[in-house]
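Data block below; observations after.
The values are calculated or read from the model by the stated rules, or taken from the named source; none is laboratory data. On a predicted model such as this, the values are computed, not experimentally measured, just so you know. So basically every Cβ, Gly included, is an ideal-geometry build from the backbone, and we count neighbours across all protein chains shown.
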Amino acid sequence: MSEANKQVICQVLMEKAATDKDIVVLCSDSRGSGSMTDFANAFPEQFVEVGIAEQNLVTISAGLASCGKKTVAVSPASFLSTRSMEQVKVDVAYSHTNVKLLGISGGVSYGALGMTHHSNNDIAVISSIPGMRVYIPSDRLQSRKLFEALMEDQEPAYIRVGRNAVADVYEEGNVPFTMDKATVLQEGSDVAIIACGEMVKAAQEAGRQLAEQGISAEVIDMYCLKPLDREAIQRVAAKCKAVVTIEEHVLIGGLGSMVCQTLCATHPLPVKCLTLPDTPVVTGKSQQVFDYYGLNADGIVVAAKELLGAE
Amino acid sequence: MDLKAKATQIRAQVLNMIYTAGTGHIGGDFSETDILVALYYKYLNCGPKMVENPERDRFVLSKGHCVEALYCILADKGFIPQEELATYSQFGSKYIGHPNNKVNGIEMNSGSLGHGLALGVGMALAGRMDKRSYKTYVLMGDGELAEGSVWEAAMAAAHYKLNNLIAIVDRNGLQISGTTEQVMAHGDLAGRFSAFGWNVIELEDGNDMGQICAGIEAAQAYEAGPTVIIAHTTKGKGCPSIENNVAWHHKVPTDTQYEAMQIELKAGEQHE
């Protein structure tokens, strides 16, 4: 839990930039909050500051990418996903430019700052754009694996990370990762728990609690929201009796909705989607916000037992 | 090359294209044609054999709805087969009503207004990073200057003193709902760009080939930062029956109008 996901991403970028002059990081007065100050200082020729202008951030990134640059546009997820949405649609997705959009302080990371700074709909917004990929890594170890893979491809993508360091889901030296394939944290046969981002840790804990109560849970880290690993969902649906999803996002267009759409087609099952509400979110520290809405291990355990009719 | 004659030829092709397809933005096509002809036949270091060459000059048509003139020029220059233009706006054609980079010679998709200048900033920054000598040209309409994103890009271009970026404004004074000054006044447009830190060149007659060439050459020579050429043009230029008439933003000529416009273009050519 030593480093935030964004800090690890900065390290990956610095490692790659040392031998690749085409990697360019762009910030919108966000180098500090995006943990990109070290990159900016070490690679001033590969860093572009655009000021507080997120639309410009995305389109300039696309212009650079059209000339062969591998660009990473870093800005708070709330602004990057909605204020710049049209620039993402036209200049990144439609023109198909190699721009990686790194949404920092995602979800309710800025919990006490209010709805202006919450990005609880970014999965819905960005994944609805044809050609865009969406990823939300769970911990620092997976963030490294994901970004190492992303910087090797030429396709656009949106990546959301939270503001603070979070507890490790994986162990150093033992980070199973296959690009665009969900990671199974625990196998089970009664209930499947499918989570993304910071909620994966809660899912992992819930899996342990359920096991202690004699309930076998499969726990899945669905860091790849688009392309969604539908095979993983169908595979667990074939052996489990119910599914619980959990995410730091609203229901509409989020992980829960995508899982339900997938299941409906082939494996109709009872599903409980734990999400943020369709209202302005209560303000406070992110953990307080999660607890208020039951977005924690206890909430998952309760939902799983309800679905299974267990006491 | 006789650039004036080339512009007349391109206008005639645009007229045919829009008349045949039953769609297009003829007014803006005609106001920008002389600028495009000057760029593509005299100044842009690019051609069908250079589309992958990193040293090629970059061009972005930010006023993407006026793509018909660009298509005709790309075909005339050999970037694309002339016969493919017959598919313009037909089902499944890549020759749609706005530029897209599936078409050989088109760098980036556009059509949503206010994006081109920021794309140009990115291209110019890349050129500087890679120590390349190419220049980036962005052609904007004047109506689209109401988009805030244009001014975000204008700020960045001046901040980074991008002397390899040349913006051109097709200042025909009209947009779909009326004159630009009625819809959203630009007032002292040169002053606005100047206040943003740009070198400003105004062309009294932005359809005059001599003035266009002089303006581009002065912009190329300016070394302290970005230059904008504000070209005062005539919407519908070349056919007096549609000139300066807001109705001809995207009107399609009837049979009678089409014949009359062909005659007008020919007459203009003979007067030159």
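Which ranges mark the helices (runs of 4 or more DSSP H) fully within the stretch B:94-191 that have 2 or more residues being more than 10 Å from chain A (Cβ to nearest Cβ), closer than 25 Å to residue B:235 by Cα and at pLDDT below 95? Answer list for the stretch B:94-191: none.
Note on the stretch B:231-257: residues that are outside any loop (DSSP other than H, G, I, E, B), surrounded by fewer than 23 Cβ atoms within 10 Å (Cβ to Cβ) and in contact with a strand residue (DSSP E or B) (Cβ under 8 Å, 6 or more places away or on another chain) amount to 3. Consider the stretch B:18-62. How many of its residues are touching a residue at least 12 places away in the same chain (Cβ under 8 Å) and in a helix (DSSP H, G or I)? Adding up the residues that qualify gives 23.
Go through the stretch B:138-161 and give me each residue that's buried (at least 24 other Cβ atoms within 10 Å of the Cβ) and within 17 Å of residue B:222 (Cα to Cα). B:138, B:154, B:157 - these are the residues of the stretch B:138-161 that are buried (at least 24 other Cβ atoms within 10 Å of the Cβ) and within 17 Å of residue B:222 (Cα to Cα). Flag: residue B:173 matches the condition of being within 25 Å of residue B:27 (Cβ to Cβ), small (Gly, Ala, Ser) and touching a residue at least 24 places away in the same chain (Cβ under 8 Å).
Taking the stretch A:175-203 on its own, how many of its residues are surrounded by 24 or more Cβ atoms within 10 Å (Cβ to Cβ) and free of Cβ contacts under 8 Å to residues at least 60 places away in the same chain? Within the stretch A:175-203, residues that are surrounded by 24 or more Cβ atoms within 10 Å (Cβ to Cβ) and free of Cβ contacts under 8 Å to residues at least 60 places away in the same chain number 1. The requirement of being surrounded by 15 or more Cβ atoms within 10 Å (Cβ to Cβ) and within 15 Å of the chain's Cα centre (by Cα) is not satisfied by residue B:46. Among residues of the stretch B:75-93 being polar (S, T, N, Q) and in contact (Cβ under 8 Å) with a residue 40 or more places away in the chain, the one that is farthest from the other protein chains (Cβ to nearest Cβ) is B:90. The residue of the stretch A:86-96 that is nearest to residue B:100 (Cα to Cα), among those that are crowded, with 24+ Cβ neighbours inside 10 Å and under 21 Å from the mean Cα position of the chain (by Cα), is A:92.
To keep it simple, each residue is scored yes or no on (1) among the β-branched types (Val, Ile, Thr); (2) within 14 Å of another protein chain (Cβ to nearest Cβ).
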site: B:20; (1), (2): yes, no
site: B:24; (1), (2): no, no
site: B:30; (1), (2): no, no
site: B:35; (1), (2): yes, no
site: B:42; (1), (2): no, no
site: B:47; (1), (2): no, no
site: B:52; (1), (2): no, yes
site: B:66; (1), (2): no, no
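One residue alone among A:116, A:37 is under 20 Å from the mean Cα position of the chain (by Cα), surrounded by fewer than 20 Cβ atoms within 10 Å (Cβ to Cβ) and under 30 Å from residue A:285 (Cα atoms), and that residue is A:116. One residue stands out among those in the stretch B:192-205 that are assigned to a loop (DSSP other than H, G, I, E, B) and more than 19 Å from the chain's Cα centre (by Cα): the one that is nearest to residue B:230 (Cα to Cα), which is B:198. Residue count for the stretch A:98-131 satisfying the condition of being within 14 Å of another protein chain (Cβ to nearest Cβ) and within 19 Å of residue A:258 (Cβ to Cβ): 3.
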